[in-house]
Structures are given as C-alpha cells and as structure tokens.
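Below you'll find the structure, written out as structure tokens, and then a few comments.
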Amino acid sequence: MRYDLLIRNAQVVDGTGAAPFRADVAVRGDRIAAVGDLGDVTTTASAADEINADGLYLAPGFIDVHTHDDTNVIRTPEMLPKLSQGVTTVVVGNCGISASPVTLAGEVPDPMNLLGQAEDFRYASFAAYAEAVEAATPSVNVAALVGHTSLRSQVMDDFARPASDAEIAGMERLLCQALGEGALGLSSGLAYRNAFHAPTAEMEPLVAAVGRAGGVYTTHLRDEFAGLFGAMDEAFATARHGRVPLVISHLKCAGAGNWGGAPHALEKLERAARHQGAHCDCYPYTAGSSTLDLGQVTDEIEIVITWSEPHPEQARRPLADIAADWDVSLLDAARRLQPAGAVYHNMSEDDMRRVLAHPLSMVGSDGLPNDPHPHPRLWGAFPRVLARYSRDLGLLPLAEAVRKMTGLSAANFGLDDRGVIRTGAFADLTLFDLTTLADSADYETPIAPARGIEMVMVNGVIGYRQGAATGERAGRMLRRTRRITDAPSRPIHPMENL
Ligand code: ZN
Ligand code: CU
C-alpha cells in the first residue's frame, strides 16, 4: 500500500460522537485512504510523509457554520484566524448579509458593512463569487448562504418598509439563480433595522423557494431579547411553511432581564425538532458583537466600542466612559460614534453553557474578521469549546464537542464526505494536543492564535503545522449538489452513546 501521508497512533475522534479510539490514518490524494491499525510501515504501508501522533487527538477539520468571512476568503486567503483554530471549512453569508449576489455603488447598508467596503461587493452572481473564491484559493473550504438583507439591497432603495410583490419577485429570481449555482440556502438577520421591516409574509415566498431547491434556512432571529420565544415561533413557522431545515443563528437570551431563559428556548427547539429539521449554532462566550445598535444601548450591561468611523480614537473603550468624557447620555454618545462596532456583554454564563451543551447546537464562531479590535471568538471559539468547556469544566464529552463542530455541521449543511473521519472521506483533518490546547484570544488581546493545534490538513494538503501556516492553500468552493434533508432532527443525547 502506498499512501501520501500516514498519521500514526492518533486518538481518533471521528466526528460522529463515538468515543475516541486509537488508530492510524492514511491519506492518499485529497481523501482518507485507510483508518485502523495499518501495521509496520516497512511491510504493509509506506508513506512519503509520516506523522507520529502519539498522545495527540485527530479530529475531522472543524466546520465553522457561522461566519462573516465572505470577502476575507478572497482578500486574505491565508485565513489564519480560522486555520489556526483547526477550522477547515467556513460557511459564509450568515445573518442576512452575503457578498453575493450583490453589487453596491454608494453607502454599504448596515450591517453589510461588517463584510467590507462598497468596492468589496462586486459579485453580481453567486457563480461570479464562487469563481473569485476559487481564483483566490483560500486555505479553508468555503460554502455560502445568500443573505436576505443582501437581496433587499439589490431591489429596494428604502429598507424601512416591507418589500412590494414586485420586489419580492425580484429577490426570488436572484435567490433561485444563486441556489441553482450552488448556494447552500438563505440567511436572514431580521433583528437588524434594514431587515426588521420585512414581515413574515416577505420571508415566506423566499424560504419556500429555498425549500423547492433543497437548501437550508438560517436566521438571526427578529428578537433575541424579551421577544425571543415569539421570534423562535416565527422562524419555526416560516421554515415549516417552506419545508426547509432551520438553523437558528447564535441562539441566546440577550439582555439582563431575560437571563435564565435558555431551558425554555431549548425546550421549544426540541419540540420543533420533532416535526421539522431544527438546530441552532452558538459561540462559547457571554458577549455578543456586531455593529453598534442604538436599540441595544443600555446601562445594564457593559458595551465596549471596537471601532468608530467618525471617532476611531474611541475604539477599545467602554461606551459609558466615552459618554462620561463627552458629558452626554449613552444614547447620544452612541449616535455620535455611528457607524461603529461594539461588544455587548449581554448573556449569562449559565444560559450560554446550556445552549452549548445541548445536542441540537453546533459551534459557529460568528467572528468579525474586519473589526480592528475583534471579539475574541474570531480567533478562539473552537479551541475554547474543547479546552475550557469540555476538558476543564466537563460540560460535554470531547467526542460530543467535536461532533458539534464536524459531523453534525456537515450533515446540516449538506457537506458530503466532510466532518467525519472514515475511509473515503475528504482528508480535512485537525491534530491537536489536548493537554496544551488553549484559546489565547481574550477581550484585551483578541488577535492571538490558539495553542495546541499541531497540524491542520485541508483536502489532503497540510496548511498549518507547528504554529504557522505552511503557505500551501488547498481550500475549495463547496457548492451544494443535492437536497439538504428537512427531516425532523431527533436530538441524540450524548449520554445515549456512552
Ligand atoms: Zn447574527
Ligand atoms: Cu453573524
């Protein structure tokens, strides 16, 4: 047997949730060629390159299901914030904002400005975007959703109202073309002011088009605060009506008055999942981050400004301090800072842990790669789940934590032959040292690669080794080629596997 690479004696966490087992993993070309005891290299197997993984864990490469890396995979194809965490695939286009199918001339509507400047929006079709990704050859694979706010930006000039029938038809045309060209589905960001005025009746025909094409619907809910449960009901109903599997983005109970709501939110998710495909994603932090939203300005939580166009000198400072310096109210200070970005410390640790541990949740970083002082989730989300929440706190077994960032994610987004270690699957692999694994990024120093990620392979090519990118980039554009199932998603409780 001739292999290109042999990883010896690894503790394999295969992505299915099964308990780790000791094995050798062989790679030939872009695929896993064998898994098991591959014997003595001189007799049965030989490989050009051999890695002794004794004492290390080997997992499928992590799939970041919630990203805003749309233009970064083209502009900064090294993708170090993700690659250095062991991420091998990013799903872009979340929260209603995507780089395609979009062209923009003037001002970039909020929060599309999280993705880049006007000149970064130049992909009139999904196909053009996909070709640009392929030309850039990022270090990680890319799969993409189409954003509802992005569609609005192409057919409407006033976002503060529902779309007309003709505008909905225009959005549907753009969406259907993108779905035909390989988009995974549709995302929405109904809490944002430029989408908030879209009623359920605007979403239904779009989501139904996704259902006919066999895609997925992800949604940043209309309300993550006091109206969370109603917003969840709206999302379930819209997805059921369109016969699409639903992913609720970054499920959280935001705002000091709403803490303690996670058990009920998860119960609702479980109940829905008995009748329809329903999951959520989440990140392992108690602060959110986005553009600065006047509706979220309050003195009940700490809000830290990360960037401000008119006042860049105020970045990294608490909004309360800025307001005090200027001798104005929090709201007035926020108004003066806009457009701006912020980190909101608006969740409870207990709620966050419950969502993270729940069998229907996946891990998604929601990292903001264009923020000069980003939320630490951009560089730390995945190692933090494994090191802090699984290893240190025992919140969930390692195999279950890995399943939430690999096998479950691949299944929910229709990424065939990824997210799992088995013969024939793509060789997207992450090798890590669980004893030293740590997310180094924090709120003070958010730009910092994780420790303990020993090797990251994408499509059979080693892209990261010993703390540095190798310079070889082998990421691909992953176009949807089949229907993503909308079957009810019975939660598999991790304890059933033990
Ligand atoms: Zn969001
Ligand atoms: Cu997001």
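Check every one of the strands (runs of 3 or more DSSP E) wholly within region 363-474 and list those with 1 or more residues that are in contact with a Lys or Arg (Cβ under 7 Å, 6 or more places away or on another chain), surrounded by 23 or more Cβ atoms within 10 Å (Cβ to Cβ) and at negative phi.
461-465
From the list His275, His241, exactly one residue is outside any helix (DSSP H, G or I) and either within 16 Å of ligand 1 (Cβ to nearest atom) or under 21 Å from Ala209 (Cα atoms) (or both). Which is it?
Of the residues listed, the single one that is outside any helix (DSSP H, G or I) and either within 16 Å of ligand 1 (Cβ to nearest atom) or under 21 Å from Ala209 (Cα atoms) (or both) is His275.
Out of contact with any helix residue (DSSP H, G or I) (no Cβ under 6 Å at 6 or more places or on another chain), away from ligand 1 (no atom under 16 Å from the Cβ) and not in a helix (DSSP H, G or I), is that true of Pro310?
Criteria met by Pro310.
Condition first: more than 15 Å from ligand 2 (Cβ to nearest atom) and either free of Cβ contacts under 8 Å to residues at least 40 places away in the same chain or in contact with a helix residue (DSSP H, G or I) (Cβ under 9 Å, 6 or more places away or on another chain) (or both). Now tell me which residues in region 218-234 satisfy that.
Across region 218-234, the qualifying residues are Asp223, Phe225, Ala226, Gly227, Leu228, Phe229, Gly230, Met232, Asp233, Glu234.
Quick check on my filter: what residues within region 50-82 are assigned to a strand (DSSP E or B) and in contact with a Lys or Arg (Cβ under 9 Å, 6 or more places away or on another chain)?
Of everything in region 50-82, those that are assigned to a strand (DSSP E or B) and in contact with a Lys or Arg (Cβ under 9 Å, 6 or more places away or on another chain) turn out to be Glu50, Ile51, Asn52, Pro60, Phe62, Ile63, Asp64.
Under 9 Å between Cβ atoms, which residue pairs at least 6 apart in sequence (or on different chains) link something in region 356-370 that is over 18 Å from Gly17 (Cα atoms) and not assigned by TED's automatic domain parsing to the domain that holds Thr71 with a partner that is assigned to a loop (DSSP other than H, G, I, E, B) and among the polar types (S, T, N, Q)?
Here the result reads none, with nothing in region 356-370 linked to a residue that is assigned to a loop (DSSP other than H, G, I, E, B) and among the polar types (S, T, N, Q).
Which residue is farthest from Thr218 (Cα to Cα), if the candidates are limited to region 247-263 and must be within 16 Å of ligand 2 (Cβ to nearest atom) and hydrophobic (A, V, I, L, M, F, W, C)?
Ala254
Residues of region 195-215 being more than 13 Å from Leu175 (Cβ to Cβ) and crowded, with 22+ Cβ neighbours inside 10 Å, which ones?
Ala195, Ala198
Please tell me if Ile74 is among the aliphatic types (A, V, I, L, M), in the same structural domain as Leu398 (by TED's automatic domain parsing) and surrounded by fewer than 24 Cβ atoms within 10 Å (Cβ to Cβ).
It is true that Ile74 is among the aliphatic types (A, V, I, L, M), in the same structural domain as Leu398 (by TED's automatic domain parsing) and surrounded by fewer than 24 Cβ atoms within 10 Å (Cβ to Cβ).
Report whether or not Ala18 is in a strand (DSSP E or B) and either under 27 Å from the mean Cα position of the chain (by Cα) or of a type outside the set (Lys, Arg) (or both).
no
From Leu266, Leu294, which residue is more than 16 Å from ligand 2 (Cβ to nearest atom), more than 16 Å from Cys95 (Cβ to Cβ) and outside the structural domain of Met112 (by TED's automatic domain parsing)?
One residue alone meets the criteria, Leu294.
The values are calculated or read from the model by the stated rules, or taken from the named source; none is laboratory data. These numbers come from a predicted model, not from an experiment. As a convention, Cβ positions derive from the backbone with ideal geometry for all residues, glycine included, and neighbour counts pool all protein chains shown.
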